Every structure is written in C-alpha cells, then in structure tokens.
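First the structure, in the form of structure tokens, and then the observations on it.
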Amino acid sequence: MKIRTRLTLLFTLITATILLAFAAVIYYNAKENREKEFYALLRKEAITKANLFFNAKVEAKTLQDIYQNNRKILNEVEVAIYDKNFNLLYHDAVDIDFIKETKQMIDQINQQGEINFYQANWQVIGLRYRFQDQNFMLTATAFDQYGYNKMDSLLTSCIIVFIISMLFIYIAGHFFSRKAFEPVKTMTENAANISATNLHLRLTSNNSKDELSKLANTFNDMLKRLENSFDAQKHFVSNISHELRTPLSALITELELSANKDRNIEEYKTVIRNTLNDAKKLVRLSNSLLDLAKASYDVSEISFKPIRIDEVLLEAHQQLQQANPNYKIDIHFENDFENDNQISVNGNEYLLKVAFVNLFENGCKFSNDNRTIVSISFDKEKIILQFSDKGIGISKDDIENIFTPFYRGENKPYADGNGIGLSLTQKIINLHEGIIYVTSVKSKETTFTIELLHL
C-alpha cells in the first residue's frame, strides 16, 4: 500500500473516530435531557392533578373523563393518588392501571420523597404530596412517544451525516495527501534520472524550512559527496596508473636492454642498481598507497588508544634514520608538561608515526643540511607540533595544492616523490580531529604546524 493511500485511510479513520465520539456525546446528552424533561413533565402533571383533586375539589369522574378524552389523541399521563396507608383515593383509569402500585412502592415513596424508574419503555415517577398536614403519594406514568421520535430522528440524522462526512473526508484526504506528496513524487522522478554518469544532477528544493526541503538538501549534499568521491576516485586511478607505469616501464626497459646483448660485469651491476632503485620506488609507492587506504577508513574501524606523542616522534625518528642515516632530526620542548595527559592523545600509533615520518622526510630532503627541527608546546587543550626546515621553501601557488593527492609542485626536480605523503598526513591528522597547516618563505624556510587535542 502506498504511503499516500495509507495516510488517507489513517486520516479518515481518525476523523471518523472523532466524529463518532462527538455524535455519541450529542446523542447521549439528548437522551439524558429527554429523560429529565419527561420526568419533570410527569411531576408537573401529577402535582396539577393533585391540586385539582384536593384544592379545586374537582370530581374524580370529571378528571377521569378528561384523561379518557385526551388519551385518544395523545399519550396522556396516568396519575394515581394514595394515602400513606395504601388506600387509593383517585386513579385516572383503574381498568388500565399500568403501574400496578404496591404497598412497598407507596412506603418507599413516603420514605424517600420521590422515586423514578422505567417500566418497559414507560417512565414512572412517584412523589410525596403534602396537603393539610397529611402526606399523600402520587404516581404518574406515560410513554414519551414524541421524545422517542425525536431521538430516532436524531440518530438517523447522525448516521446519514456521518456517512456523507466520511465520503467527503476521504475525498478531501485523498486530495490533500496527493498535493502533499507531489514534491516527493517530483523528487522520486528526479532521483530516478541520477546515475553514476550524471551525478551533477540535483533534486529540486524550494529552499524552505519544511521537512521535504531538508530531505532534498540532505540528498543533494550526499550527491555532492558522491560526486566528489567519484571524481577523486577517477583522479586517483589516473594518477596511480601514471605513477605505477613509470617505474614499471623503466624496469622493463632496463631488463630488455640487458637481455638483448652481452655486457660486462660493471654494466650488469649498473642495470641491477637501476632496477633495484625502480623496485624501491614501487615499494615506497605501494606502502604509501596502503597507508592512504588505512587513513581513508571510517573512524569507527580504526583502533584508538591513549598514546604519548613524544614516544611516537622518537619511533618515527628512529625509523627514518635507519632508512636515511644522513637525515638529522632535532626535537625540542618549548615548555614543560605537568602530567602525562598533556603529552598524550587518543589516537592510532601506526598512523601518527606514518604522518610524522612523512613530515620528517619532507623537511630533510628539501633542506640543504638535511635537517628537520620539531618544536613541541602545550596549552590547556592542545599539543602544538611545528616541523621546520631551512630549505628551498614552497611557492604560494604550491601551498594551495600541497595537500592534494599526487600533486607535485615546483620542487619536484629537487627530490623524488609521488605526491602522496602530505595528503596522507592531512588525512591522518583529520582522523585524529586535529588540524595541519603550512607557512613558508621561498628559499628560506618551511614550517608545518599540527594541533592535536591532548587528554
């Protein structure tokens, strides 16, 4: 069942329930009012007959004739008068005697002052009447034909109005649900036209603050992220194919040339050295790609624990110097830390070490003295790490793109690289909810600054 149909039926059901409750309350109140009004009429008729009988001294025969004549054209009230000893003083029609009074009934009326009840569909009232310091018991009964007819007419009207109302409410609900879901229908049609080849398309939104506009904007944001992801993936595949093709082509060329003719030992050694260098480039590229993949995981899939930043820096220092003994790393604390929490962060040790190694290596290979200086400082919330070198610097144009994957700037002739290290470092720092930025003076110095929240 469509949501639109379900909402229409639900709206109709809720409205029907409200109307039924409303009609039931009206009918119940009308029923109660009819009953009270008719009991009041019976009381009035009984007292009137008693006044005529006792005060006006109207003969019983006259009163009975009036009752018999009226009974032919309307539901006349049948009245009986008893004394407290259950002696009948007057009765409109003894031959009819619909109530069939008993001694217990008369005693109950005398004790309570007034009673009322139903006998079949006839209403009966009994009341105590005071005349000349004596108590007399009056009973009166009648069938409220007019009242019952009004109640039947009211019930019929309620049923007819309810049925007609339900038809109108269903039609109105169907119309309004269709109007309400028109934007959803439009969004569905637009979404059906979006595929991997046209992710630039967006859902229409009226830019209001209603839920459908928020849904459309959220979906458009998701499409934007998907488009960026697809573009990044295409860019990544394009760059990685180029990066892999170059060392592989060099390897094949070197091996083919060495296999085509005999060479002396020195020439074979040269070929082996060149091949080994190309293989090392492939290994470095593969390692960088694996690290980039790890840094692209969802945060929930990466193991985080409290780690000391100084220990990670020292491990990164040792790892880099094992691979490049001529690189020099200086680590300085700008101020003392009061406890281990100030030097510790909640992070992944392996990924942070990869980021620090990249910054160490980047500073050393682009500086004249192959030296990188790390300054560590603290404030109430953050650890601030500054990786500085006295090297060739970075141009303003390159700084804007320096964290773009596979980007190689003006400095690429000075050292080998694949353009992954700094983009990988930024991903790692972002995973740790930190920030990284760079400042540089051309031909003088470059400083990468990292800010991480400590424990």
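The values are calculated or read from the model by the stated rules, or taken from the named source; none is laboratory data. Just so you know, these numbers come straight off a predicted model, no measurement behind them. Every residue, glycine among them, receives a Cβ derived from its backbone with ideal geometry; neighbour counts consider all protein chains shown. Quick note on the areas: whole protein, heavy atoms, side chains included, nothing else; ligands and nucleic acids left out. Shrake-Rupley method; radii C 1.70, N 1.55, O 1.52, S 1.80 Å.
Figures for the structure shown
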item: Diffusion coefficient, µm² s⁻¹, Stokes-Einstein with Kirkwood Rh over alpha-carbon pairs of segment 338-392 at 10 °C and 1.306 mPa s; result: 126
item: Cβ-based charge dipole, segment 1-112, positive-most Cα from ALA21, TYR67, ASN51; result: ALA21
item: Cα lying deepest toward the dipole's positive end in segment 110-235, options ASN110, GLN134, VAL184, charges on Cβ; result: VAL184
item: With every protein chain in place, segment 329-384: carbon and sulfur % of accessible area (1.4 Å); result: 38
item: Too-long pairs where the Cα-Cα distance tops 28 Å, listed order kept, from LYS103/LYS150; LYS305/LYS380; LYS305/LYS390; LYS224/LYS382; result: LYS103/LYS150; LYS305/LYS390; LYS224/LYS382
item: Equivalent ellipsoid semi-axes, segment 1-118, via Cα gyration tensor eigenvalues times 5, rooted, Å; result: 50, 17, 12
item: Length added when fully stretched, GLN319-ASP152, from 0.36 nm per residue minus Cα-Cα; result: 50.4 nm
item: Ranked by how many other beta carbons lie within 10 Å on average, peptides 258-271, 57-70, 315-328 from highest; result: 315-328, 57-70, 258-271
item: In degrees, nearest ten, helix 60-71 long axis to first principal axis of the chain (Cα); result: 40
item: Carbon + sulfur, % of accessible area of segment 56-160 - ligands and nucleic acids excluded, 1.4 Å; result: 49
item: Alpha-carbon spread of segment 136-223, three principal axes, descending order, Å; result: 99, 27, 18
item: Charge context of GLN119, other residues only, Cβ under 15 angstrom, K/R +1, D/E -1; result: -4
item: Listed peptides 355-365, 381-391, 176-186 by packing density, highest first (mean Cβ within 10 Å); result: 355-365, 381-391, 176-186
item: Packing-based ranking, highest mean first, of 96-108, 119-131, 341-353 given that Cβ atoms within 10 Å are counted; result: 341-353, 119-131, 96-108
item: Probe 1.4 Å, accessible area per residue of the chain, Å²; result: 60
item: Cα long-axis angle, helix 421-431 against the chain (0 to 90 degrees, to the nearest 10); result: 30
item: Directionally averaged projected area (convex hull, Cα atoms, the chain), nm²; result: 46.5
